[in-house]
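Read-outs: derived from the displayed coordinates by stated rules, not from any lab. None of these values were measured; they are calculated from a predicted model. So basically every Cβ, Gly included, is an ideal-geometry build from the backbone, and we count neighbours across all protein chains shown.
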Amino acid sequence: DVDLAMIMGTGFPPFRGGLLRYADSLGSSHVVQELELYASRLGKRFAPTRPYLNMAKTNRTFY
């Protein structure tokens, strides 16, 4: 599970529930906006992926 790996492996804050749970709490549209901002400033490696863009368009979540 990605969330457990992020908490145990990288020290992601457990109270956030893990990376995917945190992304869900922010909303996929918001995360896409932030990633696009980072990509414009720091390079395309920060650009949101096509599957995540589709999630934002359809307002889906990981959980």
Could you pull out the trypsin sites (Lys or Arg not before Pro) across the chain that fall in loop regions by DSSP (anything but H, G, I, E, B) with no more than 16 other Cβ atoms inside 10 Å? Arg60
Determine the gain in length on full extension of the stretch Phe46-Arg60; use 0.36 nm per residue of separation and subtract their C-alpha separation, reporting nm with one decimal. 3.0 nm
Give the Rg (one decimal place) followed by the Dmax (whole number) of the chain, computed from C-alpha coordinates and expressed in Å. 12.3, 31
Once every DSSP H run of n ≥ 4 in the chain is given -39500 (n - 2.57) and the sum is divided by its residues, what mean residue ellipticity at 222 nm do you get, rounded to the nearest 500 deg cm²/dmol? -18500 deg cm²/dmol
Cα lying deepest toward the dipole's positive end in the chain, options Leu19, Ser40, Asn59, charges on Cβ: Ser40
Using the Cα centre of the chain as the reference point, and only Cβ charges (+1 on K/R, -1 on D/E), how large is the resulting charge dipole? Debye, rounded to the nearest 20. 240 debye
